[in-house]
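The values are calculated or read from the model by the stated rules, or taken from the named source; none is laboratory data. Every value quoted in this text rests on a predicted model; they were computed, and no experiment measured them. Note: ideal-geometry Cβ built from the backbone for every residue, glycine included; neighbour counts use all protein chains shown.
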Amino acid sequence: MSGKRAAWRLARACVAGGICAVSMAAPADSPPKLSNAAVASAHPLATRAGVDILRRGGNAFDAAVAVSAALAVVEPMGSGLGGGGFFLLHRARDGLDTMVDGRERAPLAARADMYRDADGRVIPRASLDGPLAAAIPGEPAALAYIAARYGKLPLADSLAAAIQHARSGFAVTARLQQLLKQRQKVFNPHARAVYLAGGDPPALGAMIRQPQLAETLEALSDHGRDGFYAGPVAERLISGVVAGGGIWAREDLARYRVVERTPVRGTYLDVQVISAAPPSSGGVVLVEMLNMLENWTLPRMEAPARVHYLVEAMRRAYRDRALYLGDPDFVPIGVQQLVSKSYARKQVASITDMATPSGDLGDDLAGGGADTTHFSVLDSQGNRVAATLSINSAFGSGFMPAATGVLLNNEMDDFSSKPGVANVYGLVGGTANAIAPGKRPLSSMTPTFLETDDSVAALGTPGGSRIITMVLLAALDFAHGERDPAAMVERPRFHHQYLPDQIFFEPGALAPATLAGLRERGHIAEPHKERYGNMQMIVWDKQSGVVRAASDPRGEGAAQVVALETREARRPPVDTARLSGLPHRSPDRTPLQAPTQSLQPIR
Ligand code: DON
């Protein structure tokens, strides 16, 4: 072996083996070039599935399929084949930004008043528990679509790790155990048999095996979308739902289609913002808030004033969410107007030094995170994915049709069951988000890319209605110069969503003096019992080639940066490499699964 080749082998072995530092010069004429790639997700096994696909020559889109499928198995409370989500993609070859909309659709037999009683009152939990709460899943179709249209590898390759984890089992984590305790009462017998095999929530580290889910994944792997939406799996889904009192029909599955949509775009200072389009409210609300906030020099402001203006922008943008946003295939939405700078100036004109009561904003409505998942992927060519996937509440509706292993979502609760009546996240809505057959419920999921001349970030988080303000706070940090994703995913959070008219904040997020200042301005501020969100973020410095990735310390996820050989490196080759990981938070986390990693050239 030549000296040159031996040196490169050493570099790669170090990268593959986890934390190590290498300092050696790459000969200028050496053909193998290293370029950095990264995956950040809510579970170490899902991150590893994505990294393995990248190492085997898959692109970011193949890795996204692998990560999604693995999360469906090892994070069953957050997302899965019984749910849906939004995949924001950037293709480096031609600069395409697109959003694959794999959001669930209401069954064709759904009706606007289906969760109301004879007196027109919303029936508590009817849109949350059991098969009547489940919309038609979109994730399986989205995975097949992304693999076929954007991937390089066969779908079967990208699903292999998930199938293996479903069959061999995965270890119960603290978060899974805690959520099983909380939600076990809604499980039907088939779901209980999988997740509560002994009758009680499993012990930490106990293995959960899902052989029926493995078979359903295999059907998808063998037959593409038809493996789920037609044939034996579809039959089992329909008969299980109908037997449980649900309203799915064969036609619902046969007619499900993903839709590719143009992402919402905006700017804040020198940052390009690319984010989720309707039927997510995420991009519109995010860009509206940023547009309003551009009218102040936030970094120069003291905390109470700064938080006050942020909250007033949140209030106004969430009001528009409630009034105007829904499925664009059903309701006309003036996205361009809502995200325009001129509209923001009008909104800002109503902001004063005091809190504006939400009720004073011309309200035409009556009345008043540990679930879902996000991951980010960057490959060595600069392709990237930010995807937020959901089955809504933890473990969705708790309903698993017999012999499928598929836990169904309760995404129907994201519709407005009645104008002005709040859903599980306290969100209100009007006719734009009313239930209709085949309609997609309005979402808050906000997978986002942020770009400046020198840097690119891919980020997102679960957290229901709070998703958009979490992404806002990270986007502001990025725009004001922060480049360390670990700092951005960790930062304390606060939130306002128009109604209820109060600021929510994480314990310790607002200092006592700030709180006092906000209350003087007329705000009501209530601390959350717990911290919230589970942000997964990658930042790529285009000038230096440094890639950093971070997984939210509130969760159990893992971020990993890897150096991959590439024929056409995106940037001048990495001369030397250093892989470093932060200390692990749990004893079972191996160095490869460190929560935060950065791989950067040594100068
Ligand atoms: O699409 C939405 O907005 C919700 N179904 C997301 C739910 C969620 O993030 C739950 N996490 N805590």
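Annotations
- Test: Y318 is of a type in the set (F, W, Y) and within 16 Å of the ligand (Cβ to nearest atom): yes
- Residue match in region 514-527 (condition: crowded, with 17+ Cβ neighbours inside 10 Å and in contact with a Lys or Arg (Cβ under 8 Å, 6 or more places away or on another chain)): yes
- Single residue of D413, D360, D371 found to be over 16 Å from L81 (Cα atoms), among the charged types (D, E, K, R) and within 11 Å of the ligand (Cβ to nearest atom): D413
- Segments classed as helices (runs of 4 or more DSSP H), wholly inside region 119-207, with at least 3 members that are among the basic types (K, R) and under 27 Å from A243 (Cα atoms): none
- Of all residues in region 419-432, at least one satisfies being hydroxyl-bearing (S, T, Y), within 16 Å of the ligand (Cβ to nearest atom) and outside the structural domain of Y532 (by TED's automatic domain parsing).
- Residue that is nearest to the chain's Cα centre (by Cα) [pool: residues in region 451-463 that are more than 11 Å from the ligand (Cβ to nearest atom) and surrounded by 24 or more Cβ atoms within 10 Å (Cβ to Cβ)]: L459
- Options R466, R493, R483: the member that is in the same structural domain as E288 (by TED's automatic domain parsing) and away from the ligand (no atom under 16 Å from the Cβ): R483
- Among the numbered conditions (1) of a type outside the set (G, A, S); (2) crowded, with 17+ Cβ neighbours inside 10 Å; (3) under 17 Å from A38 (Cβ atoms), the only one that K542 does not meet is (2).
- Restricting V287, V241 to residues that are part of a helix (DSSP H, G or I) and either modelled with pLDDT under 95 or in the same structural domain as R345 (by TED's automatic domain parsing) (or both) narrows the list to V287.
- Criterion violated by N392 - all others in (1) within 12 Å of the ligand (Cβ to nearest atom); (2) farther than 24 Å from V264 by Cα satisfied: (2)
- In region 161-181, residue farthest from the chain's Cα centre (by Cα) [restricted to those that are over 18 Å from T47 (Cα atoms) and surrounded by 15 or more Cβ atoms within 10 Å (Cβ to Cβ)]: R167
- Strands (runs of 3 or more DSSP E) completely within region 453-570 that count 3 or more residues being at pLDDT 95 or above and among the aliphatic types (A, V, I, L, M): 455-459, 536-541, 547-551, 558-565
- Check on A277, of a type in the set (A, V, I, L, M), in contact with an Asp or Glu (Cβ under 9 Å, 6 or more places away or on another chain), within 23 Å of G102 (Cα to Cα) and not assigned by TED's automatic domain parsing to the domain that holds Q164: yes
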